[in-house]
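To start, the structure under review is shown below, and the notes come after it.
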Amino acid sequence: MQTLAFDGRMGASGDMIVGALLAVGADRDLLTRVEHALAVEYDVGATTKNGIRSTRVVVGRTATEHDAGDDHSHDHAPDHDHEHEHDHDHEHANDHVHEHDHEHEHANDHVHEHEHAEGGGPLRTYPEVTEIVESMELPSSVEATATAIFRRLGEAEASVHGTSLEATHFHEVGADDAIADIVGAALLFDDLGVERVVTTPLSTGGGEVSMSHGTYPVPTPAVATIAEQADWALCGGPVDSELLTPTGAAILAEVADGVETLPTLDIERSGYGAGSHEFLEHPNVLRALVGRSRGRLIRDDIRVLETNLDDATPELLGGLQESLSDAGARDVSILPATMKKSRPGHLVKVITKPEDAERVARRLAEETGTLGVRETGVDHRFIADRSFETATVEIEGTTYDVSVKIARDSDGVVYDVSAEYDDAAAVASETGHPTRDVLRRAEDAIETDRTAR
């Protein structure tokens with residue numbers, strides 16, 4: 001499976017994601033559609049962060065006739081990579097000083113061809129932003145991805161501020177540079193054509209940030225809200241600075257699955273998207289790796305319950321499978337054990353989902369009279385992606401249906417085909433053929449059908 005993996009140890013922002021995608025081979029020319037729609041320009045170049053050559057992306061506004069008349073210059077370097085909703089005070093005086101976490105000072109001595117678009121453009125609502133995206137005439141899949149990302153941002157802001165999605169005004173994430181980051185990322189993800197995107201836990205950084213409603217600890221409220229609905233995990237550090245922005249979080253929440261460590265990849269391309277910060281020991285970059293992943297089993301969150309029984313009757317033990325399954329158990333095993341005073345007994349082990357554990361434990365205690373149920377330290381298992389297909393078996397001119405279980409890894413590779421015993425036994429009883437012969441015929445039918453596809 002062709003996989004794009006992000007290394008989240010230094011967080012992510014919109015421009016870092018765009019830079020990383022360009023660094024691993026996405027087509028820069030695709031961004032011209034966004035440039036024309038928003039009157040912006042992607043300034044793409046190489047930079048070095050703590051010895052790591054990386055791709056830096058800065059979105060600038062293209063000069064208009066009105067802008068030229070203003071005759072403003074820009075004394076700052078456009079190197080801030082954090083966008084967040086309601087996160088900065090914008091104070092506009094006649095001298096055009098913008099108070100973010102950094103200052104933009106404008107003198108009146110000469111003209112620049114284009115200016116940095118950070119926070120630029122009008123204040124927009126969620127419907128206004130989606131209207132802009134729809135007007136770009138993007139491929140349908142790209143438009144769907146971009147609007148879904150903005151929806152995540154809008155719902156996060158609405159949740160934080162107690163407003164509705166439609167009434168929520170985007171501040172900096174509704175600005176031209178944020179729209180350019182999100183739509184640009186959606187275009188570049190589509191261009192890479194990978195089958196799966198994953199990210200390791202995303203570092204949020206640490207410390208505090210000043211926002212229009214006060215000073216808040218990192219991660220910001222919007223990032224924390226977005227993370228609630230994401231598949232990936234957050235972690236703090238490694239520096240006291242904001243590393244994960246709402247725009248970066250929303251993009252990855254929409255497109256990426258979470259993994260604990262980088263998956264096993266036959267790497268074909270790698271690259272780095274640069275942020276604006278300079279840290280003494282940590283390069284401010286987002287690493288991207290593209291390659292073919294090797295099939296794996298699926299991680300399944302579970303709990304394992306245990307109890308020892310020294311006085312259970314065979315009848316009681318025989319009914320535990322059905323009784324505990326009705327309560328939510330996924331699997332029940334009963335093992336012989338030697339108890340105190342060398343008495344024979346049984347160890348009952350039950351696999352259940354975390355949300356069912358308490359109910360299953362209660363049923364186990366009620367059914368057996370045990371005085372205690374242990375929950376072991378197991379918190380997950382690795383399982384196949386299982387599905388069922390119906391095999392048609394012909395015996396002496398008559399056809400019969402037998403259900404067959406198909407086990408696949410994460411790449412969809414089939415590694416086991418197993419006919420259901422009860423179905424095969426029923427056919428065997430009706431035809432007089434051995435059960436194992438019916439099992440073999442059903443499995444062979446599925447294999448033949450798969451080969452012919």
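Which condition breaks for residue 282 when tested against (1) touching a strand residue (DSSP E or B) at 6+ places or on another chain (Cβ under 6 Å); (2) more than 26 Å from residue 192 (Cβ to Cβ); (3) surrounded by 18 or more Cβ atoms within 10 Å (Cβ to Cβ)? The single condition residue 282 does not satisfy is (1). Scanning the stretch 392-447 for residues that are touching a helix residue (DSSP H, G or I) at 6+ places or on another chain (Cβ under 6 Å) and aromatic (Phe, Trp, Tyr) gives a single hit, 400.
Whenever a residue of the stretch 427-438 is farther than 12 Å from residue 402 by Cα, its partners that are small (Gly, Ala, Ser) and assigned to a helix (DSSP H, G or I), lying with C-beta atoms within less than 7 angstrom and at least six residues away or across chains, give the pairs 434/428.
Counting only strands (runs of 3 or more DSSP E) that fall entirely inside the stretch 221-334 and contain at least 1 residues that are more than 30 Å from residue 355 (Cβ to Cβ), the qualifying elements are 265-274, 285-293.
Would you mind stating whether residue 271 is out of contact with any Ser or Thr (no Cβ under 6 Å at 6 or more places or on another chain), crowded, with 20+ Cβ neighbours inside 10 Å, in contact (Cβ under 8 Å) with a residue 40 or more places away in the chain and not assigned by TED's automatic domain parsing to the domain that holds residue 415? So residue 271 fits the description; yes. Take the conditions at pLDDT 95 or above and assigned by TED's automatic domain parsing to the domain that holds residue 148 and apply them to residue 258. Does it pass? Answer is no for this residue. Of all residues in the stretch 391-417, those satisfying the criterion of being among the acidic types (Asp, Glu) and closer than 30 Å to residue 432 by Cα are 394, 396, 401, 416. Considered as a group, the residues in the stretch 288-315 that are among the hydroxyl-bearing types (Ser, Thr, Tyr) and surrounded by 14 or more Cβ atoms within 10 Å (Cβ to Cβ) include one that is farthest from residue 361 (Cα to Cα), and that residue is 293.
Take residue 368 and decide whether it is closer than 30 Å to residue 313 by Cα and in contact (Cβ under 8 Å) with a residue 24 or more places away in the chain. Answer is yes for this residue.
Of all the residues in the stretch 373-407, those that are free of Cβ contacts under 8 Å to residues at least 40 places away in the same chain and within 33 Å of the chain's Cα centre (by Cα) number 6.
So, residue 407, is that one surrounded by 15 or more Cβ atoms within 10 Å (Cβ to Cβ) and either touching a Gly at 6+ places or on another chain (Cβ under 9 Å) or at pLDDT below 95 (or both) or not? In short, yes. Checking the stated criteria, residue 276 turns out not to satisfy the condition of being more than 23 Å from residue 231 (Cα to Cα) and free of Cβ contacts under 8 Å to residues at least 24 places away in the same chain. For the stretch 419-427, the condition of being at pLDDT 90 or above and part of a strand (DSSP E or B) holds for at least one residue.
Here is a yes/no grid of residues against (1) over 30 Å from residue 9 (Cβ atoms); (2) at pLDDT 95 or above; (3) of a type in the set (A, V, I, L, M); (4) assigned by TED's automatic domain parsing to the domain that holds residue 412:
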site: 253; (1), (2), (3), (4): no, yes, yes, no
site: 263; (1), (2), (3), (4): no, no, no, no
site: 304; (1), (2), (3), (4): yes, yes, yes, no
site: 312; (1), (2), (3), (4): yes, no, yes, no
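For residue 358, the conditions (1) assigned to a strand (DSSP E or B); (2) surrounded by 14 or more Cβ atoms within 10 Å (Cβ to Cβ); (3) without any contact (Cβ under 8 Å) to a residue 12 or more places away in the chain all hold with the exception of (1).
Does residue 338 fit the bill of being of a type outside the set (D, E, K, R), more than 39 Å from the chain's Cα centre (by Cα) and under 30 Å from residue 426 (Cβ atoms)? No.
The values are calculated or read from the model by the stated rules, or taken from the named source; none is laboratory data. For clarity, every value in this text was computed on a predicted model and none was experimentally measured. Cβ: placed from backbone, ideal geometry, glycine included. Neighbour counts: every protein chain shown.
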